[in-house]
Structures are given as structure tokens and as C-alpha cells.
Amino acid sequence: PDIAEARRIFERLSLEIEALLARHGNPLAEDLHVATCPMVDGNRGARWVQQGTVVDNAYFGAAMLRCGEILQTVTAQP
């Protein structure tokens with residue numbers, strides 16, 4: 001029910017997923033992308049992992065769906 005708490009949990013989860021990808025690689029058949037939005041949490045910024053190269057801002061949803069940028073691509077494993 002608390003969107004701020006949901007965002008904090010999502011951020012922690014996203015960082016853990018990034019760490020797993022860095023350690024073990026991408027197990028999927030398609031590339032994954034690390035994206036960031038500098039406006040999250042009072043302009044502190046946050047990151048997330050997503051499919052596709054068009055920013056799909058998980059923090060702001062429809063209000064600012066394309067806010068952010070792709071930082072890196074985690075290539076799919078053959």
C-alpha cells in the first residue's frame with residue numbers, strides 16, 4: 001500500500017539482480033539492460049534491470065515512463 005516502501009524494496013531487489021548478473025552472467029536467451037533514472041528518491045537516482053532497449057521506468061511508471069537511460073547491456077549466454 002505504500003509506494004515509497006515498494007520503491008525501496010524494488011531498488012534493493014534490483015541491486016541484488018545486478019550483482020547476480022555480474023557474478024554469474026545472463027542466463028536468458030536475450031540481452032538484459034541496466035537502466036537508471038536520476039530523478040528517483042529526490043534526485044538521488046536508482047537503477048533497475050529490464051528487457052528491451054527503450055527505457056521503461058519502473059519507478060515512475062506512466063507519469064515518466066521514458067525518463068532515464070540505459071547504462072549497460074548484459075549479453076545473453078549462448
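The values are calculated or read from the model by the stated rules, or taken from the named source; none is laboratory data. The structure presented is a predicted model; accordingly, all values stated were derived computationally and were not measured. Cβ placement follows ideal geometry from the backbone for every residue including glycine, while neighbour counts extend to all protein chains displayed. We work out accessible area using only protein heavy atoms, side chains counted, and drop any ligands, DNA or RNA first. Shrake-Rupley method; radii C 1.70, N 1.55, O 1.52, S 1.80 Å.
Details
- Once the C-beta distance of C67 and L28 is scaled by a Förster radius of 25 Å, the resulting FRET efficiency is 0.50 to the nearest 0.05.
- Under DSSP loop assignment and at most 13 Cβ neighbours within 10 Å, longest trypsin sites (Lys or Arg not before Pro)-free interval of the chain: 1-43
- Between 0 and 90°, nearest 10: helix 3-24 axis offset from the chain longest Cα axis: 20 degrees
- The chain, accessible area per residue, ligands and nucleic acids excluded (1.4 Å, Å²): 66 Å²
- Whether segment 12-55 is rounded, prolate or oblate, judged on the alpha carbon gyration tensor where a/c under 1.5 counts as rounded: oblate
- Taking every Cα-Cα distance in the chain and sorting them into 5 Å bins starting at zero, the pair-distance distribution P(r) comes out as 3, 17, 25, 26, 16, 9, 4, 0, 0 percent.
- In the chain, taking the dipole from charged Cβ atoms about the Cα centre, the farthest positive-side position among G68, G42, H24 is held by G42.
- Solvent-accessible surface ranking, highest first, for C37, C67 at 1.4 angstrom: C67, C37
- Apportionment of accessible area to carbon and sulfur, the chain, percent (1.4 Å): 57 percent
- Taking θ as phi - 60° and the Karplus parameters 6.51, -1.76 and 1.60, the scalar couplings of segment 56-61 work out to 10, 4, 6, 8, 10, x Hz in sequence order, x denoting glycine and proline.
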